[in-house]
Amino acid sequence: MKKKLINIKYITLVFSIIVMSCSDNFFDVNRSQDNPLESTAELTLPVAQKYTADYLSGGYSSLNTLGNLWSYNWAAAGDYIYFTDEVQYNITSGFRTATFETAYLRCISNYDYVEKYGGPEYDNYHAIAKIMKAFHFQYLVDAYGDVPYTEALQGGENPTPAYDESSFIYSQIYGELNNALDMITNGINNPETVLEVGSEDVMLSGDMTMWAKFANSLKLRILLRQSETGTSFATQYAELNSNPYGFIGAGETVYCNPGYAQENDKQNPLWNGFGETVGGDPASNAQATKATDYVLDKLMNVYNDPRFDNLFTEATEGGYFGIEQNNHESSAPDTEFLSGVGPGVLKGPDQPAIIMQSAESLFLQAEAAQRGFITGSAQTLYQTAIEESFDQLEETSDPATYYSQPIPNVSWTASTNKIEAIITQKWIALNGTNGFESYTEYRRTGYPSDLPSAPNASQPTVPIRLLYPASEVGSNTQNVPSQTTSDAFNTPIFWDN
């Protein structure tokens, strides 16, 4: 591939600083589109990817945490007043504002910088940036519905961007993924015309074939999200069927690791939030965050699932026990009597952050095959996805023994509703690592079919969307859609029928 005409010693020095320093101050090289600092695509890409990991799978404010609460995996111990707004369903314009703000200000803005940097020789970088912008815009739509898209990221030139319809954004990001795939193909066929992406890509180390698989997997997720809308995507599925790159498969989880280590400001964000401090004490959310009674009952009693002790820990006082959400009665069990987040999820301070599990991609393929949208054996894809989950969680028992049990939503043949089995097993596989995807799939499909809502909450049902943050309501009043608290429970995202 075309070589970069840059002093290699300089790049090595700068990149080592990026890898070894994960503090927000250092990584915020492009804080504002109004006044960006001098940077390059090589320096900005790992910044954006680090923020993606924080945003998706990090601590208290991450999508993962919210999703694990709203897909009823996690609850607060009886002696902790914690996750109050989340499990009371107190959804206001002040609720989790970072879900909107961080997506634009830290994630998408940095990818946008990479996408616009340089000329065609940077098309591998441009393709990666397009893929990751699509990744974030899908989550914004899934959380809020209509959001700024066509007029977003213009900074001082347009501080009050218009809002685009959510279905339109979905169609646009699907098209951008196709554009990214064209760039990747051109770079693979004409390597002398593009710069090689290397270790500055802290997700896939410049493996452009893997980026193409990731793009296809995101395209499949976008299409399946719309499975209940009645819209036909026959043309799109036909193209995916014939696409030479395929999807993320077994052993191909997309990780992010900008240099996590057991040092201050360098730990994996999930571990840093729910595992341990650098000094070995419980992290800020560790003792409060416990399994729900529902999830442990499903794993241990209904599905006879050996992954229960990978997903959750044994209680300090012995045994595996959960708690219902909002249970702070005097008789409610305290933290030492409850199971916390387990060793298959929290592996250590240097563990890579998960962006898309191979199991998630395989479950997407299984659903698409079962619905007749793509070729392949839905059963084989389903069982391979479970096997990949076992590997991800480091469960040593034989997955075939597990999924051969004659239990609905475990065994393929014992499951009369195959889609329910796929989504239920996806809910198990993503427990702890991408709860927001589980919550979103529950909104789309209604599975797990008996998933409870939080007892004694302000509303009887789980919220179906977030409200726009107060910062946006105040600064972009003429464009932000009108909203009331009831919208969080009564106004679904366009694909949620």
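Modelled label-to-label distance, THR277 and LYS347, 7 Å Cα→beta-carbon offset: nm?
Each label point is offset 7 Å from its Cα along the Cβ direction, giving 2.6 nm.
Using a 1.4 Å probe on the protein chains only, how many percent of the accessible area of region 429-486 belongs to carbon and sulfur?
51 percent
Mind putting a number on the dipole of region 308-378 about its Cα centre? Charges go on the C-beta only, +1 for Lys and Arg and -1 for Asp and Glu, and I need it in Debye to the nearest 20.
So the dipole magnitude of region 308-378 works out to roughly 500 debye.
Mind giving me the nanometre distance, one decimal, between the label points for GLN172 and ASP85, set 7 Å out from Cα along Cα→Cβ?
2.8 nm
For region 209-317, place one equal point scatterer on every Cα, skip the solvent, and apply the Debye formula. What is log10 of I(q)/I(0) at q = 0.10, 0.12, 0.21 Å⁻¹?
One equal scatterer on each Cα of region 209-317 leads to -0.57, -0.77, -1.04.
Which of the listed residues, GLN405, TYR439, GLN392, is farthest toward the dipole's positive end in region 388-443, when Lys, Arg count +1 and Asp, Glu count -1 at the beta-carbon?
TYR439
By per-residue mean of other Cβ atoms within 10 Å, what is the highest-first order of 133-140, 327-334, 241-248?
Descending packing order for the listed peptides: 133-140, 241-248, 327-334.
With semi-axes √(5λ) of the Cα gyration tensor in Å defined as stated, name the option among [x] 39, 27, 23; [y] 34, 26, 24; [z] 58, 28, 22 computed from the structure displayed.
Recomputing semi-axes √(5λ) of the Cα gyration tensor in Å here gives the entry labelled [y].
Quick one: which of LYS219/LYS418; LYS290/LYS418; LYS133/LYS213; LYS219/LYS426; LYS213/LYS347 span more than 20 angstrom between C-alpha atoms?
LYS219/LYS418; LYS290/LYS418; LYS213/LYS347
State, in angstrom, two size descriptors of region 290-356 derived from its alpha carbons: Rg to one decimal place and Dmax to the nearest whole number.
13.1, 40
Sorted by mean Cβ packing within 10 Å, highest first, what order do the peptides 370-383, 300-313, 225-238 take?
Sorting 370-383, 300-313, 225-238 by mean packing, highest first, produces 300-313, 370-383, 225-238.
With point charges of +1 on the Cβ of Lys and Arg and -1 on the Cβ of Asp and Glu, referenced to the Cα centre of the chain, which listed residue (SER227, GLY474, ASN179) lies farthest in the positive direction of the dipole?
Value computed over the given set: ASN179.
Enumerate the whole-percent occupancy of each 10 Å bin, from 0 to the last occupied one, for all C-alpha pair distances of region 357-497.
11, 34, 28, 18, 8, 2
Against the empirical 2.2 N^0.38 Å scaling, what ratio does the C-alpha Rg of region 64-192 come to?
Rg over 2.2 N^0.38 Å, computed on Cα atoms: 1.31.
Based on the mean of other beta carbon atoms within 10 Å per residue, what is the order of 266-279, 477-490, most packed first?
Packing proxy ranking, top to bottom: 266-279, 477-490.
Quick one: pull the percentage of alpha-carbon pairs in region 358-417 with a separation above 19 Å.
Cα-Cα pairs of region 358-417 separated by over 19 Å account for 28 percent.
The values are calculated or read from the model by the stated rules, or taken from the named source; none is laboratory data. What you are looking at is a predicted structure, and each value in this text was computed from that prediction instead of being measured. When we count neighbours, we look across all protein chains shown, and the Cβ atoms used for this are built from the backbone with ideal geometry, even at glycine. Surface accessibility is based on the protein's heavy atoms, side chains included, excluding ligands, DNA and RNA. Shrake-Rupley method; radii C 1.70, N 1.55, O 1.52, S 1.80 Å.
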